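This report refers to the structure that appears directly beneath it.
The values are calculated or read from the model by the stated rules, or taken from the named source; none is laboratory data. Keep in mind it's a predicted model, so treat the numbers as computed, not measured. With ideal geometry, Cβ positions are generated from the backbone for all residues, glycine too; neighbour counts draw on all protein chains shown.
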Amino acid sequence: MRTKIWQGFLATLTVLLPLWRDVSAVEIPPDVRQPPMITKQSVQDHIVEPTDPITVECEATGNPPPVFTWTRDGVYLNVARDPQVSMKRRSGTLEIFFWGRPEDYEGVYQCTATNEFGSAVSSHIRLRVSKARTWLKEYLEPVSVFIGLPLILPCNPPAGPPKPQTYWMNSSMVPIRQDRRVSMAENGDLYFSSIVAEDYLTNYVCTARFPNSNTIQQKPPLILQVLTARMAAQIAPKFMKPKGTASTQIAMLGEELVLECFASGVPAPSIKWTKDWEALSMQGMKLENFNKTLRIKKVSMEDGGEYICTATNRMGSLDHIITVRVKSAPFWVEKPESLVLSRDDSGQIVCRADGIPRPQIRWLVNGEPIEDAPKSPGRQVSGDTLIFRSVVPDSTAVFQCNASNQYGYILANTFLAVMDMRPRLLGFRDQLVKVTEGSQTHLHCPYFGSPKPDLRWSKGGLGALEGGRYRILANGTLEIRRSKLQDQGTYVCVASNVIGRDEMEVQLEVKEPTKILRAPHNVIVIKGSLAHFDCKIQTDPTLEVTVTWLKDKKFLILGRRMTKDEDSLSIADVYRRDEGIYTCRIKTEVEEISVSAKLTVMDRPDPPTDLEVSDPSERSVRLTWVPGLSNHSPVKEYLVQYTEDLLADYWLVPSGWKNLTGYPGQLNSVVLKLTPFVGYQFRIIAINAIGPSRPSKPSIYYETGGAVPDAIPRNIKGVGTGLFRNNMEISWEPLEYREWNGPKLRYMVWWRRQHSREEWKNYTTYWWCSHIIYETDTFTPYEIKVQAVNDFGLGPESPVVIGFSGEDRPTVAPTDLRVSDVESTKLTVHWQPVPRASIMGEIKEYTVYYWRESSRLPHHNVGRRIKSKSFKANGPRLSGTLTGLIPYSNYMIYIVVANNRYEGPPSNRIEFQTLEGVPSAPRSFRIMHRHYDTIYLDWEEPAEPNGLLTGYILKYQTLNVSVGERMQEEHIPPNTTYFSLRRFDRYTRYKFTLAAQTQIGVGEAVTEESPHFTTEEYTREQVDIATQGWFIGLMCAIALLVLIMLTVFFIKRSRGGKYPVRDKRDFALEPVDEKDEGTFDYRITRVTTLPYSRREEESRQGRSQGAIEHMQKMTNSDDSLMEYVEEDEIEFNEDGSFIGEYTGTKRDKDSSQYHESSEATSPVAIYSFA
């Protein structure tokens, strides 16, 4: 009921306050004698830093100017006699210099401003000096506590002022990690819901930070001893703060309220809040400290009620009810206003205040309780009202209204002034007011007088303006609603009372209003696009207009991206910082109008913040975050990413960021499925229609607890290994680090012989993923299984796998080897399988080895490279197909059987012959032009005839064949490897296709096109090679090389070197470097160009050899080389002369007869050679 009354009262107060603001206080001109009034003062609780100087404010008005005095703790403060205290000139503000102890000037100060009409007083100002106090020197005994029990570590920070901020750290200044089990209360105490063994690993230091001085104080370190004599049992929740099941807390209206709830238990309880047994609305509220703290920023009347804190773990739940009662310090309902009366008038001053509980109203006069002040006739106190009747000048005084309850007080000064004064118009004379048609016009005429004058407005001095569109306000202003053009003219304001009168004129002009023809509209754009706002106007032509653009009420700075033309504003490449309210302000002399539109920039969302990890377990954790701004595009999905440190035995195995899973955009708290014994950090990416946000800051590092392995080792097998056959190696693939689930992973290997009654044997290996069993029988089956083990226990066993011990060499060869279905390139091989017992292991395959022994053609050499082909032993396999054989050949073949390690002995060898096939392509097929009208072709027989050649088939036709022209075909005997073709003209080109054939058929063909026939006339149409840059460069390089060699020859000859010469055969020019240093040998060989076939050329060269030798014997001159160029081979020395006997080289008798010359070197020969 009380709450409903207060809600109704506050609603009424909300309606009345604007009306009370319109009633302005009495304004007395400053030059009129009047009582003092306090206009400025320091706050009631004034906390200052000990710096020079400290100011305590007190400002006041009055005529004559008031005199200021101060009291401290109710005692008069003599400012003149205290050298550390001074007062500002024409002000009551104190300046205090701390030369000694600052605490000496702490206290409650009050300022009094006095003139001949009375005294105004300030509120009580409590001055406190900020202190960064230190903890008392003390030795903290170690705290011993059993594992699983709750614990509170008190902080008790030094008192301020102001109140310090507290933190818990270790002695290395690393913050103590807080979670659902360990957290700090508002008073700084550290609460443990239960103690675990790891809590002893650090010491605990309470740290206080004083915000004003920014200093930090630390308490001595506290050591925690955890007793582990017993195992930690699971315990139901029990409240540590507040105690019991119910408590009460007072909340002050408009201030902050903090509700705390700490509970013990194993596992650590989770906290949930409700109000009046219903879910919290969370409007104006915030849950902190792992839900242990409920913070209400600004308390309202609706925040009163019962708040239920529920602590829950797997052992049960418990409720604590906190009853919140809302109280309030006094506040003004109607603040007292000063009163001006003339002699013998009557009036009243009202002072109304309220609060919870309702405050008491006390009146003071000139700073003294009114009941202790001298009595004044005609003054009466009636609760919150001062009543005055038939006042006289001596009734003038300053009154104070004090409203107080147990939670505070408020104080207001007001005065009663008794005077007689003729009316005074306080405004400017001969004003010119310009307004727009249709607007509300105010013509101001402030006035003062006592008794209060009567005010009258007229137009042109005729009649009184009152009623209809005209209204005279209490302050003398004439209000004209919906001004019209005919309202232009001169208006007269007249103020009069019994003492006199005053008047003034105001000139009014009415202009056409400004119209907005096209206003800007709200715009929603994507970041990086273009935004456009219109603002087209029409104004009175007699007025000068200015159009400016504002963003969020601040003038817009135009530039490259933001441009303005006559009727619009454009923003290119919009950024998020461009978002806001854009205002087009049109300003003229008589009015200012604005029209606004909102620019909304859609962008990727901001990353989430305040990632919090809670509800830890071995395989899951709860991740909670505060969503970032969606940037006007709703978040569709949150992508949770993680990085993990796989906790191997002695090192961390870090990983990069990976995607964990996605969640709908309306969630901000999810349970993540994790792997045991892994260190995690999380971050979140928000995704909307525009794209993904930047990743959030990583969460705190979180380690999941250990568990037994879940995974089974994979790919388990047992096989023989090494050079010995009496062992078996059991191997498997190791578990990935994320599958360890705990420290010190190892593998337990189990084995026994199959179909035996022997017990399982086992062995545990720590590092190796294999184990060798020795002294086994050859190729014996074993049952094998492997399981992973860590410090938390045994993992699941793998399914039983059959493995075999080592294999030996097969003892028997396949029999009855034979072939069938023999063709030119393939055949079928048949054999009889070996007995199963003779394989000495698992049969793998049969391998056939074969090679080409010879060709069935005489004088045809072949290679004997051995080839093999394996046939998998799938079932009782007795045959296989060999392919890729060469036709018309003799082959040898044998077969072996193989297990996984060895091949057995070879079978008997058999010989077979492949059938005749088609030949390969003819070799060295070439086309030559030896006459203008004839094309010559020659070739060599195929590399693989694959049978007896029966001849060649030559097909040809002209290029760019016309329609209907048939391809010509020639059959050539097998012993002929050339062909000539007469053509119509030298420019006709042909396409030739040549293939050899046997009785089986035609073989692979070779195709060539005849080249272009080159003549002098024809080459003019081609590119001249002699004019090409690369050819010119090549020739210059060759000439330079020859010149360098000639220079070397001269140098060597001048040193007496000898140059033996040896014969050359088939090339024109060849240098030879023998053992003798600096010897060179050259020969020139003639290359024939006559149009004969290859064989005819060879026979002609043989017949001409004798003639050449005869010509060489006739040669005995070194004058010229020209007469020897027709010979096949000519020997000469480096200077062009024939080599004589001085070379020192022994020759046979045939050569000695033309090597007798020892004449000097001929220069002509040298130049001819070059």
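Could you count how many residues in segment 788-802 are closer than 22 Å to THR721 by Cβ and either at pLDDT below 90 or touching an Asp or Glu at 6+ places or on another chain (Cβ under 7 Å) (or both)?
2
Just one of ARG930, ARG926, ARG901 is part of a loop (DSSP other than H, G, I, E, B), in contact (Cβ under 8 Å) with a residue 24 or more places away in the chain and basic (Lys, Arg); which is it? Walk me through how you get there before you give the answer.
Working: ARG930 fails: part of a loop (DSSP other than H, G, I, E, B); ARG926 fails: part of a loop (DSSP other than H, G, I, E, B).
Just one listed residue meets the conditions, ARG901.
So for segment 132-151 (the condition being in contact with a Phe, Trp or Tyr (Cβ under 7 Å, 6 or more places away or on another chain) and small (Gly, Ala, Ser)), does at least one residue qualify? Break it down stepwise before answering.
To start, the set of residues in segment 132-151 that are in contact with a Phe, Trp or Tyr (Cβ under 7 Å, 6 or more places away or on another chain) comprises 132, 150-151.
Then drop every residue that is not small (Gly, Ala, Ser), which leaves 132.
Yes, some residue in segment 132-151 is in contact with a Phe, Trp or Tyr (Cβ under 7 Å, 6 or more places away or on another chain) and small (Gly, Ala, Ser).
Among the strands (runs of 3 or more DSSP E) lying completely within segment 250-322, list those that include at least 1 residues that are within 22 Å of VAL196 (Cβ to Cβ).
Filter on segment 250-322 gives 262-266, 270-275, 305-313.
Kindly check whether there is at least one residue in segment 535-546 that is surrounded by 12 or more Cβ atoms within 10 Å (Cβ to Cβ), of a type in the set (S, T, N, Q) and touching a Ser or Thr at 6+ places or on another chain (Cβ under 6 Å).
Yes: one or more hits.
Which of the following residues is assigned by TED's automatic domain parsing to the domain that holds ASN890, in contact with a Ser or Thr (Cβ under 7 Å, 6 or more places away or on another chain) and at pLDDT 90 or above: SER870, SER770, SER838? I'd like the intermediate steps shown before the answer.
Values: SER770 fails: assigned by TED's automatic domain parsing to the domain that holds ASN890; SER838 fails: at pLDDT 90 or above.
Result: SER870 is the single residue among SER870, SER770, SER838 that is assigned by TED's automatic domain parsing to the domain that holds ASN890, in contact with a Ser or Thr (Cβ under 7 Å, 6 or more places away or on another chain) and at pLDDT 90 or above.
Quick one: in segment 92-111, of everything that is touching a strand residue (DSSP E or B) at 6+ places or on another chain (Cβ under 6 Å) and part of a loop (DSSP other than H, G, I, E, B), which residue is surrounded by the fewest Cβ atoms within 10 Å (Cβ to Cβ)?
Checked segment 92-111; the qualifying residue surrounded by the fewest Cβ atoms within 10 Å (Cβ to Cβ) is GLU106.
Which strands (runs of 3 or more DSSP E) does segment 640-707 wholly contain that include 2 or more residues that are at pLDDT 85 or above and in contact with a Ser or Thr (Cβ under 6 Å, 6 or more places away or on another chain)?
669-673, 678-687
Go through segment 826-885 and count every residue that is charged (D, E, K, R) and over 20 Å from ARG809 (Cα atoms).
8
Could you give every pair whose Cβ atoms fall below 6 Å, whose first residue belongs to segment 88-108 and is farther than 11 Å from VAL56 by Cβ, and whose second residue is hydrophobic (A, V, I, L, M, F, W, C), counting only separations of at least 6 or pairs across chains?
PRO102/VAL129; GLU106/LEU127; GLU106/VAL129
Restricting to segment 591-637, name every residue that is of a type in the set (Val, Ile, Thr), touching a residue at least 60 places away in the same chain (Cβ under 8 Å) and surrounded by 19 or more Cβ atoms within 10 Å (Cβ to Cβ). Reasoning before the result, please.
Filtering segment 591-637 for residues of a type in the set (Val, Ile, Thr) gives 593, 595, 600-601, 609, 613, 621, 624, 626, 635.
Right, trim to touching a residue at least 60 places away in the same chain (Cβ under 8 Å) and you get 593, 595, 600-601, 609, 613, 621.
Once the filter is applied, which keeps residues that are of a type in the set (Val, Ile, Thr), touching a residue at least 60 places away in the same chain (Cβ under 8 Å) and surrounded by 19 or more Cβ atoms within 10 Å (Cβ to Cβ), segment 591-637 yields VAL601, VAL613, VAL621.
Output the qualifying pairs, or none if there are none: Cβ atoms under 6 angstrom, residues six or more apart or on different chains, first residue in segment 709-737 and closer than 19 Å to GLY793 by Cα, second residue hydrophobic (A, V, I, L, M, F, W, C) and part of a strand (DSSP E or B).
Between residues of segment 709-737 that are closer than 19 Å to GLY793 by Cα and residues that are hydrophobic (A, V, I, L, M, F, W, C) and part of a strand (DSSP E or B), the close pairs are PRO709/ALA788; PRO713/TRP732; PRO713/VAL786; LEU735/ALA788; TYR737/LEU646; TYR737/VAL653.
For segment 798-813, enumerate the residues that are within 13 Å of TRP732 (Cβ to Cβ) and surrounded by 14 or more Cβ atoms within 10 Å (Cβ to Cβ).
If the condition is that a residue be within 13 Å of TRP732 (Cβ to Cβ) and surrounded by 14 or more Cβ atoms within 10 Å (Cβ to Cβ), then SER798, VAL801, GLY803 are the ones that fit.
I need the full set of residues from segment 168-197 which are surrounded by fewer than 19 Cβ atoms within 10 Å (Cβ to Cβ) and part of a strand (DSSP E or B), in order please.
Within segment 168-197, MET169, PRO175 qualify.
Looking at PRO157, is it touching a residue at least 60 places away in the same chain (Cβ under 8 Å), outside the structural domain of LEU257 (by TED's automatic domain parsing) and under 46 Å from the mean Cα position of the chain (by Cα)?
It is true that PRO157 is touching a residue at least 60 places away in the same chain (Cβ under 8 Å), outside the structural domain of LEU257 (by TED's automatic domain parsing) and under 46 Å from the mean Cα position of the chain (by Cα).
Quick check: anything in segment 432-452 more than 26 Å from GLN34 (Cα to Cα) and among the charged types (D, E, K, R)?
Going through segment 432-452, the residues more than 26 Å from GLN34 (Cα to Cα) turn out to be 432-443.
With among the charged types (D, E, K, R) added as a condition, the list becomes 434, 437.
Yes, that holds for at least one residue.
Could you list all residues from segment 831-852 that are of a type outside the set (Ser, Thr, Tyr) and touching a Lys or Arg at 6+ places or on another chain (Cβ under 7 Å)?
Once the filter is applied, which keeps residues that are of a type outside the set (Ser, Thr, Tyr) and touching a Lys or Arg at 6+ places or on another chain (Cβ under 7 Å), segment 831-852 yields MET840, GLY841, GLU845, VAL848, TRP851, ARG852.
Please count how many residues of segment 519-531 are within 26 Å of GLU591 (Cα to Cα) and surrounded by 12 or more Cβ atoms within 10 Å (Cβ to Cβ).
Number satisfying all stated conditions: 3.
Quick one: which of LEU280, LEU294 is in contact with a Phe, Trp or Tyr (Cβ under 7 Å, 6 or more places away or on another chain), closer than 19 Å to GLN249 by Cβ and surrounded by fewer than 20 Cβ atoms within 10 Å (Cβ to Cβ)?
Criteria check complete, one pass: LEU280.
Can ILE410 be described as at pLDDT 90 or above, surrounded by 16 or more Cβ atoms within 10 Å (Cβ to Cβ) and farther than 25 Å from GLU27 by Cα?
Judged against the criteria, ILE410 is not a match.
Is segment 523-534 home to any residue that is assigned to a strand (DSSP E or B), without any contact (Cβ under 8 Å) to a residue 60 or more places away in the chain and under 17 Å from ALA597 (Cα atoms)?
Yes - at least one qualifying residue is present in segment 523-534.
Just give me the residues in segment 874-896 being without any contact (Cβ under 8 Å) to a residue 40 or more places away in the chain and part of a loop (DSSP other than H, G, I, E, B), in sequence order.
Across segment 874-896, the qualifying residues are ASN874, GLY875.
Name the single residue that is surrounded by the fewest Cβ atoms within 10 Å (Cβ to Cβ) among those in segment 836-851 being assigned to a strand (DSSP E or B) and out of contact with any helix residue (DSSP H, G or I) (no Cβ under 9 Å at 6 or more places or on another chain).
TRP851
Can you confirm whether GLU198 is over 45 Å from the mean Cα position of the chain (by Cα) and either without any contact (Cβ under 8 Å) to a residue 60 or more places away in the chain or closer than 30 Å to VAL365 by Cα (or both)?
no
Can you say whether THR55 is exposed (fewer than 14 other Cβ atoms within 10 Å of the Cβ), in a strand (DSSP E or B), outside the structural domain of SER395 (by TED's automatic domain parsing) and touching a residue at least 24 places away in the same chain (Cβ under 8 Å), as far as the supplied structure shows?
On the way: exposed (fewer than 14 other Cβ atoms within 10 Å of the Cβ): yes; in a strand (DSSP E or B): yes; outside the structural domain of SER395 (by TED's automatic domain parsing): yes; touching a residue at least 24 places away in the same chain (Cβ under 8 Å): yes.
Considered against the rule, which asks whether it is exposed (fewer than 14 other Cβ atoms within 10 Å of the Cβ), in a strand (DSSP E or B), outside the structural domain of SER395 (by TED's automatic domain parsing) and touching a residue at least 24 places away in the same chain (Cβ under 8 Å), THR55 comes out as yes.
Report yes if some residue within segment 210-221 is within 44 Å of the chain's Cα centre (by Cα) and closer than 19 Å to ARG181 by Cα; otherwise report no.
Going residue by residue through segment 210-221, those that are within 44 Å of the chain's Cα centre (by Cα) are 210-221.
Of the ones still in play, those that are also closer than 19 Å to ARG181 by Cα are none.
The answer is no; no qualifying residue exists.
Within segment 753-787, count every residue that is surrounded by 16 or more Cβ atoms within 10 Å (Cβ to Cβ) and farther than 21 Å from ASN727 by Cβ.
Going through segment 753-787 one residue at a time, the tally reaches 1.
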